[in-house]
Amino acid sequence: MTQDSNLTTRPGGQNPYQGLNAQLVPLPKIISSHYQPSLYADSTHQLCHLQTEQGNKVLKRLNPNAHQQAFWRNVQALFGLDLNKHLNHQAWCSTQLAGLTDLAIPQIEWAVNPGESLQGFVLAAKLNGETGQASWMNQANIDIFARHLKGLHQISYANWGVWQQPQNPLTDWPHKLTQSLKSWMNPTDHQAWWSGIKQAEAIRIHSAVPTMLDLRWDQFLFEQQQLSALVDLDAFVLAPVELSWVILEYLLDEHQAWWFAQTYGERPDLTPVREAYRLWLFSTNLLGESDLTRWMTAPTRF
């Protein structure tokens, strides 16, 4: 059951709290609400901006089918991050991230896993800013972003997996990655997959760092087109640092990559891992690319 005493009906008759798994959560009383249009058909959450008696909030209602998406199935298979069981992991991540970056991080007030026939949700204080766009990533914003990522990478762990409770020893990484690639291997691209699998088997890692697997500019907020906040904390795990750099090769153009490298400093060699990590990222449908050849031959930036 939801907490009916706190419910108000928005225009159109739908209540923002209706159907949430919120039996024991004192949700604030709503004054007004506004649902945000989803950027993608397979968005993990439906966002609703709330004006409440306790200030402005953002309510993220978990899509009941999100865990069935290729991205989340792959993340669970490799890292053990089950969205339905780890939604409340975001509150812990928020606290950790606040000490590692100069970007604003939302203060998560409630993060509740889904229950039987009830949706999971995250309620956070609303931060100022506009959703990020790739066209805003000028040199100044790339510098801010590089310092942000370097801050995340300043701490490392001797295990990888779910950030809050990493249980996988570093020696298990090549085996687990290889298993994941084999389970998603497309027989029509047999040669490419086996080449990536062979590389995965030879990878050796020495540490794991906080890693945002769904890294995209729309996960950030900008104030007057200046990068100011990170607001999506769904997919943080502990992974080899090289995985973040491989993701960056898809996000940054040639000039942005040069600016990023100058600010960040020393960077890892991606040659021994690039093919395997690109292949795993392709299996997650990270950026919606369906052409394996085009994905694997994307420009190398580092």
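A few comments on the model shown:
- Options PHE220, PHE236; residue that is in contact (Cβ under 8 Å) with a residue 12 or more places away in the chain, touching a Phe, Trp or Tyr at 6+ places or on another chain (Cβ under 6 Å) and closer than 30 Å to GLN51 by Cβ: PHE236
- Condition broken by TRP194, with the remaining ones in (1) of a type in the set (Phe, Trp, Tyr); (2) part of a helix (DSSP H, G or I); (3) crowded, with 21+ Cβ neighbours inside 10 Å satisfied: (3)
- Options ARG267, ARG274, ARG278, ARG301: the member that is outside the structural domain of GLN139 (by TED's automatic domain parsing) and either touching a strand residue (DSSP E or B) at 6+ places or on another chain (Cβ under 6 Å) or in contact (Cβ under 8 Å) with a residue 24 or more places away in the chain (or both): ARG301
- The lone exception for ASP42 - which of (1) loosely packed, with under 14 Cβ neighbours inside 10 Å; (2) on the phi < 0 side of the Ramachandran plot; (3) modelled with pLDDT under 90 it fails: (1)
- Subset tally (residues that are modelled with pLDDT of 95 or more, touching a strand residue (DSSP E or B) at 6+ places or on another chain (Cβ under 6 Å) and crowded, with 21+ Cβ neighbours inside 10 Å) for region 72-92: 2
- Residue selected from region 257-302 under the condition polar (S, T, N, Q), out of contact with any Phe, Trp or Tyr (no Cβ under 7 Å at 6 or more places or on another chain) and outside any helix (DSSP H, G or I), by the criterion modelled with the lowest pLDDT: SER290
- Number of positions in region 112-134 that are crowded, with 20+ Cβ neighbours inside 10 Å and out of contact with any Gly (no Cβ under 8 Å at 6 or more places or on another chain): 6
- Counted residues, region 139-175 - those being farther than 16 Å from SER207 by Cβ, touching a residue at least 60 places away in the same chain (Cβ under 8 Å) and assigned to a helix (DSSP H, G or I): 10
- Restricting the first member to region 28-43 and to residues that are outside the structural domain of ALA235 (by TED's automatic domain parsing) and touching a residue at least 24 places away in the same chain (Cβ under 8 Å), and the second to residues that are acidic (Asp, Glu) and exposed (fewer than 13 other Cβ atoms within 10 Å of the Cβ), the beta-carbon pairs closer than 6 Å and six or more apart or on different chains are PRO28/GLU53; LYS29/GLU53.
- Residue match in region 199-209 (condition: crowded, with 22+ Cβ neighbours inside 10 Å, in contact with a Gly (Cβ under 9 Å, 6 or more places away or on another chain) and not polar (S, T, N, Q)): yes
- Residues (without any contact (Cβ under 8 Å) to a residue 12 or more places away in the chain and touching an Asp or Glu at 6+ places or on another chain (Cβ under 9 Å)) located in region 59-77: ASN65, GLN76
Yes/no per residue for (1) farther than 30 Å from ALA125 by Cα; (2) touching a Cys at 6+ places or on another chain (Cβ under 7 Å); (3) buried (at least 19 other Cβ atoms within 10 Å of the Cβ); (4) among the hydroxyl-bearing types (Ser, Thr, Tyr):
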{"position": "VAL231", "(1), (2), (3), (4)": "no, no, yes, no"}
{"position": "ALA239", "(1), (2), (3), (4)": "no, no, yes, no"}
{"position": "GLU242", "(1), (2), (3), (4)": "yes, no, yes, no"}
{"position": "TYR250", "(1), (2), (3), (4)": "yes, no, no, yes"}
{"position": "GLU266", "(1), (2), (3), (4)": "yes, no, no, no"}
{"position": "PRO272", "(1), (2), (3), (4)": "yes, no, no, no"}
{"position": "TRP280", "(1), (2), (3), (4)": "yes, no, yes, no"}
{"position": "THR300", "(1), (2), (3), (4)": "yes, no, no, yes"}
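- Some residue of region 277-294 being more than 24 Å from ASP189 (Cβ to Cβ) and among the hydroxyl-bearing types (Ser, Thr, Tyr): no
- Filter pass, SER183 being among the hydroxyl-bearing types (Ser, Thr, Tyr), out of contact with any strand residue (DSSP E or B) (no Cβ under 6 Å at 6 or more places or on another chain) and surrounded by fewer than 18 Cβ atoms within 10 Å (Cβ to Cβ): yes
- Looking only at region 16-39, and only at residues there that are among the hydrophobic types (A, V, I, L, M, F, W, C) and modelled with pLDDT under 90, the one that is farthest from GLY129 (Cα to Cα): LEU24
The values are calculated or read from the model by the stated rules, or taken from the named source; none is laboratory data. Please read all numbers here as calculations on a predicted model, not as lab measurements. Every residue, glycine as well, gets a Cβ built from its backbone with ideal geometry; the counts of neighbours run over all protein chains shown.
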